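The values are calculated or read from the model by the stated rules, or taken from the named source; none is laboratory data. As the structure is a prediction and not an experimental result, all values here were calculated from the model. Here the Cβ positions follow ideal geometry from the backbone for every residue, glycine too, while neighbour counts run over all protein chains shown. Areas reflect the complete protein model, heavy atoms only, side chains present, ligands, DNA and RNA absent. Shrake-Rupley method; radii C 1.70, N 1.55, O 1.52, S 1.80 Å.
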Amino acid sequence: MLKKILGKLSFIYKNYYIVVTVVFAVWMLFFDNNNLIARMKYRRQLGDLVEQKQYLQKEIDRNKALTIELTSNVQNLEKYARETYLMKKKNETIYLIIRDSTEKK
C-alpha cells in the first residue's frame with residue numbers, strides 16, 4: 001500500500017522544478033530574514049508607529065496653538081502660569097482644593 005502511494009507521488013520527486021519550488025517556498029516562508037512571521041511583526045509595528053505619529057502630531061499642533069496663545073497675550077500667559085505652575089503675586093495666598101477621585105459626587 002505504501003509503495004502505491006509512493007509510486008503515485010514519485011512524479012514529484014522526479015520533477016526537479018517542483019522540488020526546487022517547494023524548497024524555495026519553505027525557505028522564504030520560514031528561514032529567510034524576511035520570513036512570514038517577521039513580516040507580520042513588522043506590519044504590526046508599523047501600525048503602532050503610525051498611531052504614535054498621529055498622536056504626537058496632534059500634541060505638536062496643540063502645543064503650537066498654546067504657544068501662539070501665550071505669546072500673543074500677557075494675561076493668558078499669567079493665567080497659564082498661575083494654573084499650571086501655581087505661581088502667585090506678592091501678598092497673595094493660594095488655596096488648593098484637591099478632590100478625592102474615590103469620593104462620590
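Would the range 80-89 turn up any residue that is hydrophobic (A, V, I, L, M, F, W, C), in a helix (DSSP H, G or I), within 37 Å of the chain's Cα centre (by Cα) and exposed (fewer than 10 other Cβ atoms within 10 Å of the Cβ)? No, the conditions are met nowhere in the range 80-89. Just checking, does the range 65-73 include any residue being at pLDDT below 80 and either surrounded by 10 or more Cβ atoms within 10 Å (Cβ to Cβ) or more than 22 Å from the chain's Cα centre (by Cα) (or both)? Checking the range 65-73: not a single residue is at pLDDT below 80 and either surrounded by 10 or more Cβ atoms within 10 Å (Cβ to Cβ) or more than 22 Å from the chain's Cα centre (by Cα) (or both).
Note on the range 44-56: residues that are within 30 Å of Y80 (Cα to Cα) and open to solvent by less than 90 Å² (accessible area, probe 1.4 Å) total 1. Among the candidates L29, L56, L46, the residue that is assigned to a helix (DSSP H, G or I), closer than 30 Å to E78 by Cβ, modelled with pLDDT of 80 or more and among the aliphatic types (A, V, I, L, M) is uniquely L56. State whether the residues of the range 20-43 include one that is exposed (fewer than 10 other Cβ atoms within 10 Å of the Cβ), aromatic (F, W, Y) and on the phi < 0 side of the Ramachandran plot. Yes, that holds for at least one residue.
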